[in-house]
Amino acid sequence: GCTINGSPCAGGPASPEPPTVTLTSPADNSNVLYPCPVVFSADASAPGGEVDRVEFYVDDTLVGSDDTAPYELEVPSGQFYYSTHTAFARVYDSGNPPQSADSETAQFLVLVPPPALMIIACDRDIEVPAGGTAKARFHLSANATVPTTLTVGGPGASAVTVSPDSFPLDGMAGQEVTVTAAPGSAGATATITASAPGYAPTTVNVTVTSP
């Protein structure tokens with residue numbers, strides 16, 4: 001008849017708490033313009049131990065996993081039809097046996113690239129911490145290679161730099177650049193313009209956040 005804190009004391013150790021996971025990308029009802037990749041990311045924790053891995057699923061099919069935080073994965077959007085898809089993340093802990101949990105689902109739509117010749121910015125709005133960096137990716141709407149130049153303008157142009165700022169842009173492979181914000185520049189805003197001969201330019205809005 002013994003009890004501890006109101007619970008019978010005849011059993012073994014309590015079961016560890018299950019892990020938890022939250023899908024942070026893609027956002028629900030977001031769009032991905034081909035040929036930009038679909039970026040998956042998740043926050044995960046395992047109160048009863050350690051996170052073993054996070055798996056990412058699209059339409060109930062495993063597309064990849066990551067066993068190191070931050071849990072992220074890029075998948076070419078060409079793997080998916082031009083339609084709406086459902087994604088979720090699944091976390092496993094390091095227990096024996098392991099426990100798992102699924103995130104809420106998110107829907108994303110893969111869009112056909114426009115017929116016009118233009119540069120595509122995969123993210124039209126990005127945030128960069130002051131004194132830190134972020135990534136921006138550019139593609140072409142056609143399977144070609146053209147010389148491309150990036151310029152920074154706007155009120156906070158002096159606080160934001162991009163590298164590289166010129167490159168031969170391959171439509172299918174694309175180009176990832178590093179955006180850097182100067183220390184102490186939180187609150188600044190700037191615009192990155194990508195231009196290439198014969199292609200309509202595109203812009204990316206940059207906001208500098210607190211470190």
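The values are calculated or read from the model by the stated rules, or taken from the named source; none is laboratory data. The model shown is predicted, which means the values in this text are computed figures rather than measured ones. All accessible areas refer to the heavy atoms of the entire protein, side chains included, with ligands and DNA or RNA removed. Shrake-Rupley method; radii C 1.70, N 1.55, O 1.52, S 1.80 Å.
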Normalising by the residue count of the stretch 39-197, find the relative contact order in percent from Cα pairs under 8 Å and 6+ residues apart.
-> 18
Three semi-axes of the equivalent ellipsoid, the chain, Cα gyration tensor, whole Å, largest first = 42, 22, 12
Taking H placed 1.01 Å from N in the peptide plane, check which residues at least 5 places from residue 17 or on another chain put their amide H under 5 Å from its amide H.
-> 48
Which value, in Å² rounded to 10, gives the accessible area of residue 43 with a 1.4 Å probe and all protein chains present?
-> 100
Would you compute the Debye intensity of the stretch 3-98 from its alpha-carbon atoms alone, equal scatterers and no solvent, and pass along log10 I(q)/I(0) at q = 0.13 Å⁻¹ to two decimals?
-> -0.53
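What does the accessible area per residue of the stretch 117-211 come to in Å², with a 1.4 Å probe and no ligands, DNA or RNA counted?
Normalised by residue count, the accessible surface of the stretch 117-211 is 45 Å².
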Quick one: with all protein chains in place, what share of the accessible area of the chain is carbon or sulfur, to the nearest percent (1.4 Å probe)?
-> 50
Provide 141, 158 ordered by accessible surface of protein heavy atoms (probe 1.4 Å), highest first.
-> 158, 141
Taking only the alpha carbons of the stretch 73-131, what extent do you get along each of the three principal axes, in Å, biggest first?
-> 55, 39, 17
How would 140, 33 line up by accessible area, probe 1.4 Å, largest first?
-> 33, 140
In whole angstrom, and with the biggest value first, how far do the Cα coordinates of the stretch 52-166 range along each principal axis?
-> 54, 38, 22
In whole percent, what relative contact order does the stretch 81-133 give with Cα contacts below 8 Å and a gap of six or more residues?
-> 34
Under the Karplus relation with 6.51, -1.76 and 1.60 and θ = phi - 60°, whole-Hz ³J(HN,Hα) for the stretch 68-73, x at Gly and Pro, equal 9, 6, x, 7, 9, 7
